[in-house]
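Let me begin by presenting the structure, written as structure tokens, before commenting on it.
The values are calculated or read from the model by the stated rules, or taken from the named source; none is laboratory data. Note that the structure is a prediction, hence the values are computed from the model and not measured. FYI the Cβ positions are ideal-geometry reconstructions off the backbone, even for glycines, and counts take in every protein chain you see.
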Amino acid sequence: MRKKIVAGNWKMNKTFEEADELLNDISEALEAETIDPSVGLIVCPPFPYLEIASDVSDESYFQVGAQNVSDQEMGAYTGEVSATMLQYMDIAYCIVGHSERRAYYHETDAIVAAKVNQLLAHEIQPIVCCGEVLEEREANRQFEVVKTQIQDGLFHLSAEEFAQVIIAYEPVWAIGTGKTATPAQAQEMHAFIRSLIAEKYGAQVADNTSILYGGSCKPSNAKELFANPDVDGGLIGGASLNANDFLAIAKAF
Ligand code: PEP
């Protein structure tokens, strides 16, 4: 059975004090609330807060992920953070190929593939983002775009390696815009992604792959999005910056 997952992507937000407060708010809220134990909760803060996040998570229910990783193993790559370093910090997950990294830092599918390889070599589960921009959806090219991202970013993996991958479908026009994909649009794309995986790796691998939805997901719309058979949770941006909203989303299954 595939895992249900709610992952929070803090992006480049929060001062150190605010990050500390949010982590403790999440931890306290988790003591007070009951989350379905089949739902995995992941918090992805900026690099400098990974250590405090890890420390708080040791005493709590959530796990910690990074937002990025180098495509290189080690060496003269100023400013980069390697998968070895993340592994050493016990980071279990890492977001790869977020649309902001694709758009602002020119992250191609080949770079996504190299980052995924680095993470898997260091026992970190990649959360691989895919999704079309508005013009592509308006031209009805969303399936072709997502297919290329999945094929070129992931289909070099063996079935065993692919089993470690979590996918996040994030239509770029829905990220941070307040516009959410309709539950039907999300389900349609998630089912399409699962069919691609089934074609490549077989039905069992496809059935076991968690496919998250991302794009203005919040407490008011999470329930109807997560009610779809192929939507296994969410990658949450803005709403993950507030402990109550984040946990309300985790309780929406
Ligand atoms: C994201 O950036 O991954 C995201 C889903 O952002 P938001 O929830 O703010 O749209």
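Condition check ((1) at positive phi; (2) modelled with pLDDT under 95; (3) exposed (fewer than 14 other Cβ atoms within 10 Å of the Cβ); (4) not in a helix (DSSP H, G or I)) across all residues:
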{"position": "Asn13", "(1), (2), (3), (4)": "no, no, no, yes"}
{"position": "Glu21", "(1), (2), (3), (4)": "no, no, yes, no"}
{"position": "Thr34", "(1), (2), (3), (4)": "no, yes, yes, yes"}
{"position": "Leu41", "(1), (2), (3), (4)": "no, no, no, yes"}
{"position": "Leu50", "(1), (2), (3), (4)": "no, no, no, no"}
{"position": "Thr84", "(1), (2), (3), (4)": "no, no, no, no"}
{"position": "Gln87", "(1), (2), (3), (4)": "no, no, no, no"}
{"position": "Cys94", "(1), (2), (3), (4)": "no, no, no, yes"}
{"position": "His106", "(1), (2), (3), (4)": "yes, no, yes, yes"}
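Taking the stretch 133-218 as the region of interest, the helices (runs of 4 or more DSSP H) fully inside it that hold 1 or more residues being within 16 Å of the ligand (Cβ to nearest atom) and surrounded by fewer than 16 Cβ atoms within 10 Å (Cβ to Cβ) are 134-138.
Filtering the stretch 109-158 to residues that are touching a residue at least 12 places away in the same chain (Cβ under 8 Å) and hydroxyl-bearing (Ser, Thr, Tyr) leaves only Thr148.
Counting the residues of the stretch 219-253 that are surrounded by fewer than 20 Cβ atoms within 10 Å (Cβ to Cβ), among the charged types (D, E, K, R) and within 16 Å of the ligand (Cβ to nearest atom) gives 3. Of all residues in the stretch 110-128, at least one satisfies being modelled with pLDDT of 95 or more, within 14 Å of the ligand (Cβ to nearest atom) and crowded, with 23+ Cβ neighbours inside 10 Å.
Taking the conditions exactly as written (of a type in the set (Val, Ile, Thr), modelled with pLDDT of 95 or more and over 18 Å from Asn244 (Cα atoms)), does Val56 satisfy them or not? Considered against the rule, which asks whether it is of a type in the set (Val, Ile, Thr), modelled with pLDDT of 95 or more and over 18 Å from Asn244 (Cα atoms), Val56 comes out as no.
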